[in-house]
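One structure is given here, and the rest of the page talks about it.
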Number of protein chains: 2
Amino acid sequence: MSAPALKHDVFQAIADPTRRSVLQLLAQHDMPIVAISENFPLSRTAINKHLHILSDAGLVSSRRVGRETRYRLQPEPLAELKDWLAFFETYWHDRLSLLKDFVEKEPDPQ
Amino acid sequence: MSAPALKHDVFQAIADPTRRSVLQLLAQHDMPIVAISENFPLSRTAINKHLHILSDAGLVSSRRVGRETRYRLQPEPLAELKDWLAFFETYWHDRLSLLKDFVEKEPDPQ
DNA sequence: TTTTTATAACACCTTTTGGTTTCGTGTTTA
DNA sequence: TAAACACGAAACCAAAAGGTGTTATAAAAA
């Protein structure tokens, strides 16, 4: 019910460092493509492609204002990432606990 | 300091669904490659490649035990992901707060 | 010692990714 | 209306990703 069959998922979308930077930029405020492109050594077309991928993943929304298209950060899909991480955090903490026990009980294994 | 110039970063490593499944498998207990491969419709060689990528990202460690190589989950690098997410969670909560204010103050925008 | 098992290392192939340039379309502005 | 601007779409390209099968090597078992 929460995954409407997107072409690109959030894991894939954030795999690219350029796309992660774009998201950080958009976190500050909405921006049209030209403004975004100025922050990268890439063509406007390349940035446009990245925005499409981010859009497919539901991480940005776009809205035409006159002759420009303003992009906005849509952080909600990151919840999936958070949930996925939560699964491992239990193991993580368990491992740290185990390590703690080990260190406390066996000061020198040799 | 914390990023020892890895060939694959954690964002890239978890982008592939097969690799995410492998991590979930290894969360249960250490496993050699054959045991891992049995859970996927892929060749052992393909799984081996995925394990190398996970290893490059520091997400698994390997240890030879006789003639088999046991892989173990190493969840610590996921902290980078968690930190990255934390940055957006502030915006996230701010947006939800704004939405809440909007709904409370303007029952019907039309 | 021979055979089987577990894996690593190659060589190779196909698809996807990330980038480019070019061209077309709609929107301001002069 | 003409020029400048912002963007989308298409064609193209190189490199990386993801997969295969084959071969080599070391350990365990027969």
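Values quoted throughout were computed directly from the atomic coordinates according to the rules given, and no laboratory measurement underlies them. Owing to the predicted nature of the structure, the values given are computational and were not obtained by experimental measurement.
Note that the stretch B:10-105, at 4 °C in a medium of 1.567 mPa s, gets a Stokes-Einstein diffusion coefficient of 85 µm²/s from its Kirkwood radius over C-alpha pairs.
In the calculated pair-distance distribution of the stretch A:5-66, the portion above 21 angstrom amounts to 15 percent of the Cα-Cα pairs.
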